[in-house]
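Read-outs throughout are calculated quantities, based only on the coordinates presented, and are distinct from any laboratory measurement. Given the structure is predicted, the values throughout are model-derived calculations rather than measurements. Cβ atoms come from the backbone with ideal geometry, glycine included; neighbour counts cover every protein chain shown.
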Amino acid sequence: MADSHSNEKKSRPPFPKRAIITGGMPYGNKDLHFGHIGGVFVQADVFARFLRDRIGKENVIFVSGTDCYGSPIVEHYRQVTASGDFKGTIDDFVKYNHNRQKEVLEAYEISLNLFAASSFSRSNEIHQELGAEILKTLHKNGHLVKLSTRQFYDKEHETFLNGRQVLGQCPIQGCASEKGYADECDLGHQYEPHELLNPKSTLSGKKPEMKEVTNWYLRLPDFIENLKDWVSQVEKLDSCRVFVVKSVSEFFEPPTIHITLKQEDQLNEIADKLPPFERAEGKSKSMRLVFKTLEHREKACDILTEHEIRFRNGKTLVPFRLTGNIEWGLPAPDIDDVSGLTFWVWPESLWAPVSFTSTYLEQQGQPRENWKDWWCSKDAQVYQFIGEDNVYFYGPAEMAMLMGMQGSETTAFPKDGDFQLPQLVVNNHILFLDKKASSSGSVKPPMARDLLEHYTADQLRAHFFSLGLNKRSVGFRPKPLNPAANEKEGDPVMKEGNLLSNVFNRAVRSCFYTMQTYYNGKLPKGAISQEVLSEAEDVILKFEEAMYRQEFNQAITVVDNYIRAINKRWTADMNILKEKEDDQLRKQTLIDAFHMVKVATTLMHPIAPMGTEMIRDYFNLGEDFWSWDRVFDSLYDFIPDTEKHEFKFLEPRVDFFEKHPSQVNY
């Protein structure tokens, strides 16, 4: 039997009583590519599954959905209908892609409680109601400003242009983006539409005009001190990812303009016409003009443009647009004299997980308002899994929006009952063959469903989870899709796959076949070695700590080493048994190995759910096998009477972690 556990004396990381997990929402104009799955959804799902085991599945909700609105979808729909590749309404188009996205997520065992949609079904109704409440509350609390700005207008097509219907160059200094759209580039930088360099309409191919429109904006610069307090809290987290803090903090700089040094003489000629500014050293043979207010910077931009001086704006907080006039958008409520607007797609996607939580709870027969127990309670924590390109939106923009719901006075330390600030789990880019892939770029990403023609879902999950995207961008190099692959070398994706289908599979099968051959399919009575118990406890605690810190590559490394240790110990004892028959040694080897398999199965459960669920099924044990309330228990604690307990009989050549049919050489 297992001894009393010394872990009770050790410090354990704290987990919330309840948790919301969100996965970044894919646009409704496309199928899922490998980046959606490998860069966000696998990590989010493993963490959600771990928390279900750790704090109870009734205390975890995992939501995401299709981001249905916005100009990228309108533009793509226009293209596919014009080419004849799709027939139907834009609503049909979005539903078609939503269903395909859902199919792929299910194929990868992504265990969402709800994969919803922002433009149809009950989730749309709740989403619209919540959006109206948020906009009205922010307005009542004094955090909105009504601004009239110039928007692109295609005279030839007599229509305003939104988002992806305009293409130019990003005006932000140092930006490496190849594509700048109406008011943001594909790397997430925000700017005013008139700042876009060399704009062209995707409808006519001509330079669009600028016409004035009125929209609601969040007074984002007013939240700078709150946001600095929030960043200070983030820095103290054990799970803090330094690059996230750096990325967010860049927006706390004062309003700045970057000008090349070779234009200094031109600048000096008009310097007295500019609002007050200070000169500072820049990067790459440039200087910085630093202003006290955004208004001063905007005036300076107009003067510089008038005198044909080229410049780029620096990163700083600017008012965050909440509404627009695109027809395919979530309707916004009428406020004051402003009517007929829709929400801009980015802000409405930020509260979509709240809408989806409410929708899910209603489906479970609970009051919709119970979403506040998950989003507004200090007993709960929201974890939002996103890619690094979206830090600006989920960082400064979302946090300010949630703080603005508190009242006229705001704080980064909300009281119980107010929106609590989510914890961002930001991953670096997952590259394809060491290059950033994009559906709209030159390097096309492989589709997620196509990868399943070469690998099993468990193999891909384990590989994606191991990549260490919390530290750096990492290349995904599947040998079947790599034209430069060396035939004599192994497939990099198969390292974790082989751990499952070779190493772990062998360990579990060895236990079952030995038990069936020598002990009539029964777990022999005996005591687990103290060394094995201590090692198991240490591995459990290390895995738990790594998951708490969201160091996912470290978590799988812990289990990897442990699984290999099972086979190493087994092989050593079997070599002794070849020399000398010793039933006591065989029995002890089996007892110890079964305990190690039990521990490894529990830890691998969130990562490789299909194979580990099969192991539990052959153990013939219930769902409480996964509970971390019993993580230190042995099989004897689950099976008090070993003589009566029936393990499922394991037939010859049955695999718990099957290889893909294409992997005959691995």
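Is the shape of the range 575-666 best called rounded, prolate or oblate, per the rule: a/c under 1.5 gives rounded, else a/b larger than b/c gives prolate, else oblate, with a ≥ b ≥ c the square roots of the Cα gyration tensor eigenvalues? Write out the running numbers ahead of the final one.
Numbers: a/c = 1.80, a/b = 1.06, b/c = 1.69.
Here the range 575-666 falls in the oblate category.
Between their Cα atoms, which of LYS415/LYS542; LYS525/LYS568; LYS87/LYS444; LYS228/LYS372 are more than 28 Å away from each other? Please report the intermediate quantities before stating the final value.
On the way: LYS415/LYS542 33 Å; LYS525/LYS568 23 Å; LYS87/LYS444 25 Å; LYS228/LYS372 25 Å.
Pairs exceeding the cut-off: LYS415/LYS542.
Under 17 Å from a label point 7 Å along Cα→Cβ of GLU623: give me every residue in the range 47-84 with its amide N that close.
Backbone N within reach: 48-62.
Lys/Arg Cβ at +1, Asp/Glu Cβ at -1, dipole of the range 518-564 taken about the Cα centre: which of GLN550, ILE540, GLY521 is farthest positive-ward?
GLY521
Cross-link candidates for LYS155: which lysines have Cα within less than 20 Å, leaving aside residues fewer than 8 places away along the same chain?
Within reach: LYS200, LYS206, LYS207, LYS211.
What nm value, rounded to one decimal, do you get for the distance between SER339 and LEU585 when each label is placed 7 Å out toward the C-beta?
Between SER339 and LEU585, the label points sit 8.9 nm apart.
How many angstrom lie between the C-alpha centres of the range 48-117 and the range 640-659?
The distance from the Cα centre of the range 48-117 to that of the range 640-659 comes to 37 Å.
Might you report the magnitude of the Cβ-based charge dipole of the chain about its Cα centre, with Lys and Arg at +1 and Asp and Glu at -1, to the nearest 20 debye?
For the chain, the charge dipole is close to 1180 debye.
If neighbour count is taken as other Cβ atoms inside 10 Å, put HIS645, HIS143 in order from fewest to most. Let's see the in-between values first.
Details: HIS645 16, HIS143 23.
Going from sparsest to densest Cβ surroundings: HIS645, HIS143.
Tabulate in residue order the Karplus-calculated ³J(HN,Hα) for the range 505-514, using 6.51 cos²θ - 1.76 cosθ + 1.60 with θ = phi - 60°, rounded to whole Hz; enter x for Gly and Pro.
In residue order, the calculated couplings are 4, 5, 5, 5, 4, 4, 4, 5, 5, 5 Hz.
Find how many whole Å separate the alpha carbon centroid of the range 396-433 from the alpha carbon centroid of the range 361-376.
With the range 361-376 and the range 396-433 each reduced to a Cα centre, they are spaced 20 Å.
For the chain, take the longest principal axis of its alpha carbons; what is the angle in degrees between that and the long axis of helix 609-619, to the nearest 10 within 0 to 90?
20 degrees
Along the charge dipole of the chain, which of THR411, SER355, PRO14 sits closest to the positive end, that is, farthest toward it, with unit charges on the beta carbon of Lys, Arg, Asp and Glu (+1, +1, -1, -1)?
Result: PRO14, furthest along the dipole toward the positive end.
Please state the Cα pair-distance histogram of the range 494-638 with 10 angstrom bins from zero: what percent is in each bin?
11, 44, 36, 9, 1
In sequence order, what are the phi-derived ³J(HN,Hα) couplings for the range 38-54 according to the Karplus relation 6.51 cos²θ - 1.76 cosθ + 1.60 with θ = phi - 60°, rounded to whole Hz, with x for glycine and proline?
Ordered by residue, 3J(HN,Hα) equals x, x, 9, 5, 5, 4, 5, 5, 4, 5, 5, 5, 4, 5, 4, 5, 7 Hz.
Using a cut-off of 14 Å between beta-carbons, work out the net charge of the residues near LEU452 (Lys and Arg +1, Asp and Glu -1, LEU452 not included). Walk me through the numbers on the way to the answer.
Numbers: positive: ARG100, ARG449, ARG461, LYS659; negative: ASP31, GLU103, GLU106, GLU109, ASP450, GLU453, ASP458, GLU658.
Spelling it out: positives minus negatives among the neighbours equals -4.
Taking the Cα centre of each part, how many Å lie between the range 178-227 and the range 237-305?
Taking the Cα centre of each part, the range 178-227 and the range 237-305 sit 18 Å apart.
If you stretched the chain out fully between ILE270 and THR293, how much longer would it get, using 0.36 nm times the residue separation minus the C-alpha to C-alpha distance? Numbers along the way, then the final one.
Values: separation 23, 0.36 × 23 = 8.28 nm, distance 1.95 nm.
Here the segment from ILE270 to THR293 would lengthen by 6.3 nm.
If you fit an axis through the alpha-carbon atoms of helix 224-236 and take the longest principal axis of the Cα set of the chain, what angle between them do you get, 0 to 90°, nearest 10?
For 224-236 against the chain, the angle is about 20 degrees.
Enter the angle in degrees (range 0 to 90, nearest 10) between the Cα long axis of helix 345-363 and the first principal axis of the Cα atoms of the chain, meaning the one along which they spread out most.
Roughly 40 degrees between the two axes.
Which whole-Hz ³J(HN,Hα) couplings does the range 240-253 yield from phi under the Karplus relation 6.51 cos²θ - 1.76 cosθ + 1.60, θ = phi - 60°, glycine and proline marked x?
In residue order, the calculated couplings are 4, 9, 4, 5, 6, 4, 5, 5, 5, 5, 4, 7, 8, 6 Hz.
Per DSSP H run of n ≥ 4, the term is -39500 (n - 2.57); total these for the chain, divide by its residue number, and report the mean residue ellipticity at 222 nm rounded to 500 deg cm²/dmol.
Numbers: 20 runs with 252 residues, N = 666.
-12000 deg cm²/dmol, from helical runs alone.
What does the charge dipole of the range 494-638 about its Cα centre add up to, to the nearest 20 debye, if the Cβ of each Lys and Arg holds +1 and the Cβ of each Asp and Glu holds -1? Intermediate values should be presented prior to the final figure.
On the way: 17 positive and 22 negative charges, 116 e Å.
Value, rounded to 20: 560 debye.
Would you mind classifying the range 260-309 by shape? Square roots of the alpha carbon gyration tensor eigenvalues, ordered a ≥ b ≥ c; an a/c under 1.5 is rounded, otherwise it is prolate if a/b is larger than b/c and oblate if not.
Working: a/c = 1.78, a/b = 1.19, b/c = 1.49.
Oblate.
Could you line up THR612, THR557 from fewest to most neighbouring Cβ atoms inside 10 Å?
Numbers: THR612 25, THR557 16.
The order, fewest Cβ neighbours first, is THR557, THR612.
Tell me which aspartates and glutamates have Cα within less than 18 Å of LYS179's Cα, excluding those fewer than 8 residues away on the same chain?
GLU75, GLU192, GLU195, GLU388, ASP389
Within the chain, what percent of beta bridges assigned by DSSP are antiparallel, to the nearest 5? Write down the numbers at each step before the final one.
Details: 37 of 62 bridges.
Around 60 percent antiparallel, to the nearest 5.
If you place +1 on the Cβ of every Lys and Arg and -1 on the Cβ of every Asp and Glu, how big does the dipole about the Cα centre of the range 260-309 come out, in debye to the nearest 20?
Working: 9 positive and 11 negative charges, 62 e Å.
Taking the Cα centre of the range 260-309 as origin, the dipole is about 300 debye.
Putting +1 on Lys and Arg Cβ atoms and -1 on Asp and Glu Cβ atoms, find which of TRP570, SER627, PRO606 reaches farthest to the positive end of the dipole of the range 494-638.
Most positive-ward Cα: TRP570.
Would you tally the net charge around GLY611, using a Cβ to Cβ cut-off of less than 11 Å, leaving GLY611 out, and scoring K and R as +1, D and E as -1? The partial results should precede the final answer.
Values: positive: ARG461, ARG616; negative: GLU109, ASP458, GLU613, ASP617, ASP655, GLU658.
Charge balance near GLY611 sits at -4.
Of MET399, MET25, MET574, how do they rank once you tally other Cβ atoms within 10 Å and put the fewest first? List each step's numbers first, then the result.
Details: MET399 24, MET25 27, MET574 14.
The most exposed by this proxy come first: MET574, MET399, MET25.
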